[in-house]
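**Q** This is the structure, below, for whatever I ask next.
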Amino acid sequence: MAKPIGPICNLNCSYCYYLSKQNLLEYNKGKSPRMNEHALESYIRQYIHAQNTPEIVFSWQGGEPTMLGLDYFKTVVELQEKYKPEGVVIYNDLQTNGTLLNDHWCTFLKSHNFLVGLSIDGPEKMHNMYRRNKAGRGTFREVMNAVELLHKHKVSFATLTCINNITSRDPLSVYRFLRDEVRSTQLQFIPIVEKKDFHITAPQTSSHQEQLKQGDKRLIPGNKNSIVESWCVSDEAWGNFLIEIFNEWIKNDLGKISVPYFDACVESWRGAPNPLCTLADICGKGLAMEANGDVFSCDHYVYPEYKIGNIHTQKLEDFAYGLPQQKFGFNKSKTLTSQCQQCNYLFACYGECPKNRFIQTREGEPGLNYLCAGWKKFFAHADKGISFLLRATGNPVINGKHQE
């Protein structure tokens with residue numbers, strides 16, 4: 001994914017893990033966070049050249065990419081057309097908070113078949129708790145205006161909802177609001193997990209001796225001595241959230257609503273590769289590029305320790321497929337704890353995102369995922385329902401306790 005405006009945003013969301021990059025990367029040295037046209041053209045040319053598929057997807061994030069202005073993205077599609085090989089189709093994803101969208105933006109997005117990822121955290125009180133502007137005011141009304149504009153112009157969009165200590169308390173209110181009021185048919189939920197030192201400390205760089213054992217009260221958000229931010233979701237709350245919305249989804253919304261985590265589970269249970277990097281056996285395909293051309297191993301690993309190159313001095317394909325990035329991706333499975341390797345649901349998550357592996361097992365082995373207990377609780381609950389769904393649709397059940 002490309003971040004042509006770096007971490008610059010017009011909002012000040014409490015749980016944002018990217019705003020602090022302004023101080024961590026080169027932007028604190030007076031360099032512009034805006035990707036200039038030369039860098040933009042170089043990226044688009046190299047990215048297209050590195051692909052060998054009939055369809056190419058560009059993902060644009062930030063910060064808030066719409067702050068670049070509409071003309072910037074008109075240049076994007078012009079450059080894509082310039083370098084597009086014959087017979088290749090190019091698609092674009094745009095992740096936005098929606099507050100700057102208007103009719104002109106939505107006309108453009110529709111005409112060029114952009115898929116919009118719209119950040120919204122549920123009903124007004126929940127959304128406004130953490131998603132506020134620079135003046136500290138909630139942004140719910142502006143985002144709902146964006147929802148109406150997207151529907152008006154028939155722009156394809158998915159909702160991205162952060163599950164934190166607030167939204168995790170009322171799963172059905174969040175789910176039903178997105179389904180019924182926002183009228184979203186693609187609901188992506190993101191568990192918010194950050195250690196208190198995330199502003200300055202890269203994932204998986206702390207000593208194993210510092211890790212707390214699973215079940216330690218200091219892993220509970222809001223606890224007096226907690227090592228995670230107070231706005232994080234707890235492992236138990238994450239599992240309960242998934243269970244409640246899964247029950248609603250499988251009962252009322254099959255074939256109508258896409259929840260990527262549930263869709264991915266269906267694939268895993270039938271023995272197919274998991275489409276989500278967080279749950280697949282390997283990761284490393286979601287590289288992140290900053291405005292200056294620096295490329296990092298992952299969107300959640302934009303720290304100096306995980307910089308793998310720069311498109312102005314190296315070919316994108318060389319370090320995207322190079323040994324350091326391959327090692328990064330394969331380490332997802334190679335560094336699993338014994339508890340993970342022996343788990344009945346290893347096939348379903350492979351230890352989930354390595355970024356969240358900062359606790360010890362109860363036996364004291366380091367590298368367990370903070371959300372492990374929640375994921376395991378959900379998988380055990382969903383096992384029977386997913387197996388029934390597969391059989392009812394003529395698919396094999398390869399994994400799980402109800403496998404054939």
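**Q** Scan the chain and note any complete DSSP helix (H) whose C-alpha atoms cover at least 15 Å along its axis and whose Kyte-Doolittle average is -0.5 or more.
**A** For the chain, where a helix must reach 15 Å along its axis and average at least -0.5, the hits are 70-83, 140-152, 235-248, 372-392.
**Q** Any idea what the dipole of the chain comes to, in debye rounded to 20, about its Cα centre with Lys/Arg Cβ at +1 and Asp/Glu Cβ at -1?
**A** For this selection, approximately 580 debye.
**Q** Now for a separate question. Taking amide H positions as placed in the peptide plane 1.01 Å from N, state which residues far from VAL228 in sequence (5 or more) or on other chains have amide H under 5 Å from it.
**A** Result for VAL228 returns LYS196.
**Q** Something else now. Pulled fully out, how much extra length does the chain show between THR335 and ASN52, if you take 0.36 nm times their separation in residues and subtract their Cα-Cα distance?
**A** The THR335-ASN52 span can extend by a further 98.8 nm.
**Q** How far apart, in nm, are two points set 7 Å out from the Cα along the Cα-to-Cβ line at LYS154 and at HIS112?
**A** The modelled label-to-label distance comes out at 2.0 nm.
**Q** Set the Förster distance to 25 Å, then compute FRET efficiency between LEU70 and LYS134 from the Cβ-Cβ distance, nearest 0.05.
**A** 0.70
**Q** Here's a follow-up. What shape does region 53-93 have by the C-alpha gyration tensor, where a ≥ b ≥ c are the square roots of the eigenvalues, rounded means a/c under 1.5, and otherwise prolate means a/b greater than b/c and oblate the rest?
**A** Verdict is oblate for region 53-93.
**Q** Something else about it: Can you pull out the GluC sites (Glu not before Pro) in region 276-385 whose DSSP state is coil and whose Cβ has at most 16 other Cβ atoms within 10 Å?
**A** In loop regions of region 276-385 (DSSP not H, G, I, E or B), the sparsely surrounded GluC sites (Glu not before Pro) are GLU363.
**Q** Hey, in the chain, which Cys have no second cysteine's beta-carbon closer than 4.7 Å?
**A** CYS9, CYS106, CYS162, CYS232, CYS265, CYS298, CYS340, CYS343, CYS349, CYS353, CYS372
**Q** Give me log10 I(q)/I(0) at q = 0.07 Å⁻¹ for the chain, Debye formula, one equal scatterer per alpha-carbon, no solvent.
**A** Per q value, in the given order, log10 I(q)/I(0) is -0.33.
**Q** Out of region 218-259, which trypsin sites (Lys or Arg not before Pro) are coil in DSSP terms and have no more than 14 other C-beta atoms within 10 Å?
**A** Loop-located and lightly packed - LYS224, LYS256.
**Q** A further question follows. Arranged from highest to lowest average of other beta-carbon atoms within 10 Å per residue, in what order do the peptides 394-400, 118-124 appear?
**A** Answer by packing, highest mean first, reads 118-124, 394-400.
**Q** Counting other Cβ atoms within 10 Å, which trypsin sites (Lys or Arg not before Pro) in region 118-148 have at most 10 and lie in a DSSP loop?
**A** Passing sites in region 118-148 are LYS134.
**Q** May I pose another question? If we sort 65-72, 209-216, 371-378 on the protection proxy, mean other Cβ atoms within 10 Å, highest first, what's the order?
**A** Packing order, densest peptide first, comes out as 371-378, 65-72, 209-216.
**Q** Using the charge dipole of the chain (Lys, Arg: +1 at Cβ; Asp, Glu: -1 at Cβ; taken about the Cα centre), state which of VAL89, GLY322, THR53 has its Cα farthest towards the positive end.
**A** The Cα lying farthest towards the positive end belongs to GLY322.
**Q** Semi-axes of the equivalent ellipsoid for region 303-344, please: Cα gyration tensor eigenvalues, times 5, square-rooted, ordered largest first, whole Å.
**A** Working through the eigenvalues yields semi-axes of 30, 11, 6 Å.
**Q** Choose one of VAL266, CYS16, ILE311: the residue whose Cα lies farthest towards the positive end of the charge dipole of the chain (beta-carbon charges +1 Lys, Arg; -1 Asp, Glu; about the Cα centre).
**A** CYS16
**Q** Shifting gears a bit: Picking from LEU118, TYR175, THR66, whose Cα lies most toward the positive end of the charge dipole for region 21-392 (charges on Cβ: Lys, Arg +1; Asp, Glu -1)?
**A** TYR175
**Q** For region 354-385 and region 290-304, write down the distance between their C-alpha centroids in whole Å.
**A** Between the Cα centres of region 354-385 and region 290-304 lies a distance of 27 Å.
**Q** Taking square-rooted eigenvalues a ≥ b ≥ c of the alpha carbon gyration tensor, is region 205-290 rounded, prolate or oblate, where a/c under 1.5 means rounded and, failing that, a/b exceeding b/c means prolate?
**A** Oblate shape, in that a/c is at least 1.5 and b/c is the bigger or equal ratio.
Bear in mind these aren't lab numbers, they're just calculated from the coordinates by the rules spelled out. Note that the structure is a prediction, hence the values are computed from the model and not measured. Note that each Cβ is placed from the backbone with ideal geometry, even for glycine, and that neighbours are counted across all protein chains shown.
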